[in-house]
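Student: This is the structure I have questions about; it appears just below.
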Amino acid sequence: MRWSRFYLFTTRDNPADAEVTSHQLMGRAGMLRKHAAGVYTYQPLLWRSIQKLMGIVRRELERIDCVELSMPTIQPAELWQESGRWSKYGKELLRMNDRHEREFCYGPTHEEIITDIVRRDVRSYRQLPISLYQIQSKFRDEIRPRFGLMRGREFLMKDAYSFHAGEESLDETYQKMREAYSRIIEACGLDYIVVDADSGSIGGSASNEFMVLAETGESAVVRCADSGYAANVEKATTRLDPPAPLPARDLEQVPTPGARTIQEVAKLLEVEPAQVVKTLVYDSDKGLVAVAIRGDRDVNEIKLANYLDAEWLELASDERVRKACGTSVGFVGPVGLPDEVTLLADESTRALEDWVCGANAPDAHLVGVNWGIDASPKDWVDVLLVKAGDPCPVSGQPLEGFRGIEVGHIFKLGPIYAEPMGCRYTDENGEEQVMEMGCYGLGIGRTLAAAIEQNHDDDGIIWPIPLAPFEVVLTALGGARDEHVVDVAEKIYQELLDSGVEVLYDDRDERPGVKFKDADLIGIPIRVTIGSRSLKQGGVEFSLRSAPREKQEVALGDVIGRVLEELGRSS
């Protein structure tokens, strides 16, 4: 492709709303055009990379007998009402009425549609398992779209769904899909880890996320090299050692004027923060919930919401806390809470004895508190937010912390969609059974954004070869004024095309500095530069976009072979 004929317009300015590197570089490289918050046109350069990734995805899914189809983006409300998600999904679901006032939504995902398809066609266990997928636009009305393709409202996703006669079959396909996802990301040349994850609004009994590692990643993950344990911090667990025991003493209320934070209380009472139990009060659709947790740790609100099966959850306002508990935030404790407040205790507090907590009275705390004597939780829960350095729950070794970008998420759904929607099969005994389901999502745009976050420098993008929109940028210096340079460039261009190389031929009448800047920005992996100086020495300049970016003089007759060698192909 000749640059002069390609639709590509670069700029030196970052998009005004670009907060992360991938969004900045995609904007400057002319890959994205914004039309509304979180809504973009994928420009031709980016679309070529998208096609590369979709090709890798299709290859690996066909390898495990997953069959492609295409489902409607606009979905009838009745299906979502059958599954129960119409009322639960929230404002991210874009709802609309047609001219007949029938309700629809723009699909953020396709569990309902695919279940409706399969329940109409599949009758017998002999027809199972079945795996189907599509690559299609989705829409989620994010409250704050940001980070370009990493959190847009309209986005490209590969979503796959599997149907099974029993959990064992689901487990087999889930493992095959996990391996296929690993091969996809490895084929893209990206550094990643697979972690245990929360199932979120999709639901199900288990899920795993595929995280591309990057310092700018929005997700925190932990990993243990010894055991192989890895999890998103939203899901991660640990096994904390209890702090040193405090001296035994009778329950007593002591004044703590002005001491509202754990650090202030611990310093005033000469104890460690881990020997203080802090009590956080949450408001939710399940009512008021007080969570007692070690003073040196934080509550994982996703774990808490999952335990409660809450549709919404937030820290209660100081006014709400005062009305329910008789004191302000900072002095609430688990002893003597009113019946309207459900008390839960994190496992981190179970082994504590004679601990300190709020007294449910202004400027006062209790000392010498013990579970089972002074307070009893309704339930013991694991709602602790794990952090790097905590002991691995498997090996006990310190967990390492990383930042990651979620590009894929797979779920064991079980019967949670099939049962309410009547997706059943007849087993070998002629009895009707509910199908088990799995679903498997991979963000196409997110994967490319993650690739840029992981592969860039101050000058621009550094595409891994499998995802690069072109494999070679061929740069002719001197423009039409130097006929010899043009003749050689045209010859090499044609030879590269004949050899099956994807080449962007920069034939523009621009200064060398402009061409080099643009080539660095768009990140094509291999650069072949033709100028009068190198031609006088009988060759051309060859270099790679990645470090160390050393320039080599290559003889004219060896250029094609050198390119093919770098691409791992035979000449």
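Student: State all residues of region 413-435 that are surrounded by fewer than 24 Cβ atoms within 10 Å (Cβ to Cβ) and either out of contact with any Ser or Thr (no Cβ under 7 Å at 6 or more places or on another chain) or closer than 30 Å to Leu213 by Cβ (or both); if no residue qualifies, say none.
Tutor: Scanning region 413-435 gives Pro415, Ile416, Glu419, Gly422, Arg424, Asp427, Glu428, Asn429, Gly430, Glu431, Gln433, Val434.
Student: Can you name the residue in region 247-275 that is within 15 Å of Asn360 (Cβ to Cβ) and β-branched (Val, Ile, Thr) and is also farthest from the chain's Cα centre (by Cα) among such residues?
Tutor: Restricting to residues being within 15 Å of Asn360 (Cβ to Cβ) and β-branched (Val, Ile, Thr), the top hit is Val254.
Student: Quick test for you: out of Ala231, Ala236, pick the one residue that is surrounded by 20 or more Cβ atoms within 10 Å (Cβ to Cβ), of a type outside the set (Phe, Trp, Tyr) and within 14 Å of the chain's Cα centre (by Cα).
Tutor: Unique residue meeting the criteria: Ala231.
Student: Within region 219-228, track down each residue that is crowded, with 20+ Cβ neighbours inside 10 Å and either of a type in the set (D, E, K, R) or under 30 Å from Asp363 (Cβ atoms) (or both).
Tutor: Scanning region 219-228 gives a single hit, Arg223.
Student: Another question, if that's okay. Within region 294-331, which residues are over 36 Å from the mean Cα position of the chain (by Cα) and of a type in the set (A, V, I, L, M)?
Tutor: Scanning region 294-331 gives a single hit, Ala324.
Condition check ((1) on the phi > 0 side of the Ramachandran plot; (2) in contact with a strand residue (DSSP E or B) (Cβ under 7 Å, 6 or more places away or on another chain); (3) not in a loop (DSSP other than H, G, I, E, B)) across all residues:
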site	(1), (2), (3)
Gln81	no, no, yes
Ser87	no, no, no
Lys91	no, no, no
Ile113	no, yes, yes
Asp116	no, no, yes
Arg126	no, no, yes
Ser137	no, yes, yes
Asp141	no, yes, no
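Student: Working carefully through the options Val289, Val321, Val332, find the one that is crowded, with 21+ Cβ neighbours inside 10 Å, within 28 Å of Ala388 (Cα to Cα) and either hydroxyl-bearing (Ser, Thr, Tyr) or in contact with a strand residue (DSSP E or B) (Cβ under 8 Å, 6 or more places away or on another chain) (or both).
Tutor: Answer to the check: Val289.
Student: Within region 58-83, count every residue that is of a type in the set (Gly, Ala, Ser) and over 19 Å from Phe163 (Cβ atoms).
Tutor: Initial filter on region 58-83 (of a type in the set (Gly, Ala, Ser)): 70, 77, 83.
If we keep only those that are over 19 Å from Phe163 (Cβ atoms) as well, we get 77.
Within region 58-83, residues that are of a type in the set (Gly, Ala, Ser) and over 19 Å from Phe163 (Cβ atoms) number 1.
Student: Right, next: How about region 39-60: which of its residues are more than 23 Å from Asn455 (Cα to Cα) and either within 20 Å of the chain's Cα centre (by Cα) or in a loop (DSSP other than H, G, I, E, B) (or both)?
Tutor: Residue satisfying the conditions is Val39 alone.
Student: Which residues, taken from region 507-525, are aliphatic (A, V, I, L, M), within 34 Å of the chain's Cα centre (by Cα) and surrounded by fewer than 20 Cβ atoms within 10 Å (Cβ to Cβ)? Show your work before the answer.
Tutor: Kept after step one, since they are aliphatic (A, V, I, L, M), are these residues of region 507-525: 514, 519, 521-522, 524.
Subset that is within 34 Å of the chain's Cα centre (by Cα): 519, 521-522, 524.
The answer is Leu521, and nothing else.
Student: Would you call Glu142 farther than 21 Å from Leu61 by Cβ, in the same structural domain as Glu428 (by TED's automatic domain parsing), surrounded by fewer than 23 Cβ atoms within 10 Å (Cβ to Cβ) and modelled with pLDDT of 95 or more?
Tutor: It is false that Glu142 is farther than 21 Å from Leu61 by Cβ, in the same structural domain as Glu428 (by TED's automatic domain parsing), surrounded by fewer than 23 Cβ atoms within 10 Å (Cβ to Cβ) and modelled with pLDDT of 95 or more.
Student: Could you list, in sequence order, all residues of region 498-532 that are in a loop (DSSP other than H, G, I, E, B) and either free of Cβ contacts under 8 Å to residues at least 24 places away in the same chain or not polar (S, T, N, Q) (or both)?
Tutor: Across region 498-532, the qualifying residues are Gly500, Val501, Glu502, Asp507, Arg508, Asp509, Glu510, Arg511, Gly523, Ile524, Pro525, Gly531.
Student: In region 421-428, is there at least one residue being hydrophobic (A, V, I, L, M, F, W, C) and modelled with pLDDT under 95? Quick ask: steps written out before the conclusion?
Tutor: Of region 421-428, the ones hydrophobic (A, V, I, L, M, F, W, C) are 421, 423.
Filter once more, so that each one left must be modelled with pLDDT under 95: none.
No: zero hits.
Student: Further question: If Leu156 meets every condition in (1) touching a Gly at 6+ places or on another chain (Cβ under 9 Å); (2) modelled with pLDDT under 95 apart from one, which number is that one?
Tutor: That leaves (2) as the condition not met.
Student: Got a sec? Which of Leu504, Leu442 is more than 30 Å from Ile113 (Cβ to Cβ), among the aliphatic types (A, V, I, L, M) and touching a strand residue (DSSP E or B) at 6+ places or on another chain (Cβ under 7 Å)?
Tutor: Values: Leu442 fails: more than 30 Å from Ile113 (Cβ to Cβ).
Being more than 30 Å from Ile113 (Cβ to Cβ), among the aliphatic types (A, V, I, L, M) and touching a strand residue (DSSP E or B) at 6+ places or on another chain (Cβ under 7 Å) holds for just one of Leu504, Leu442, which is Leu504.
Residue-wise test of (1) in contact with a helix residue (DSSP H, G or I) (Cβ under 6 Å, 6 or more places away or on another chain); (2) at pLDDT 95 or above; (3) not in a loop (DSSP other than H, G, I, E, B).
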{"residue": "Val407", "(1), (2), (3)": "yes, yes, yes"}
{"residue": "Glu419", "(1), (2), (3)": "no, yes, no"}
{"residue": "Gly438", "(1), (2), (3)": "yes, yes, yes"}
{"residue": "Ile452", "(1), (2), (3)": "yes, yes, yes"}
{"residue": "Trp463", "(1), (2), (3)": "no, yes, no"}
{"residue": "Phe470", "(1), (2), (3)": "no, yes, no"}
{"residue": "Asp487", "(1), (2), (3)": "no, no, yes"}
{"residue": "Leu496", "(1), (2), (3)": "no, yes, yes"}
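Student: Another question, then. For region 78-112, which residues satisfy the criterion of being touching a residue at least 24 places away in the same chain (Cβ under 8 Å), hydroxyl-bearing (Ser, Thr, Tyr) and within 21 Å of Glu142 (Cβ to Cβ)?
Tutor: Tyr89, Tyr106, Thr109
Student: Right, another one. I'd like to check something: does region 260-267 contain any residue that is assigned to a loop (DSSP other than H, G, I, E, B) and modelled with pLDDT under 95?
Tutor: Yes - at least one qualifying residue is present in region 260-267.
The values are calculated or read from the model by the stated rules, or taken from the named source; none is laboratory data. Because the structure is predicted, anything quoted here is derived from the model rather than measured. Every residue, glycine among them, receives a Cβ derived from its backbone with ideal geometry; neighbour counts consider all protein chains shown.
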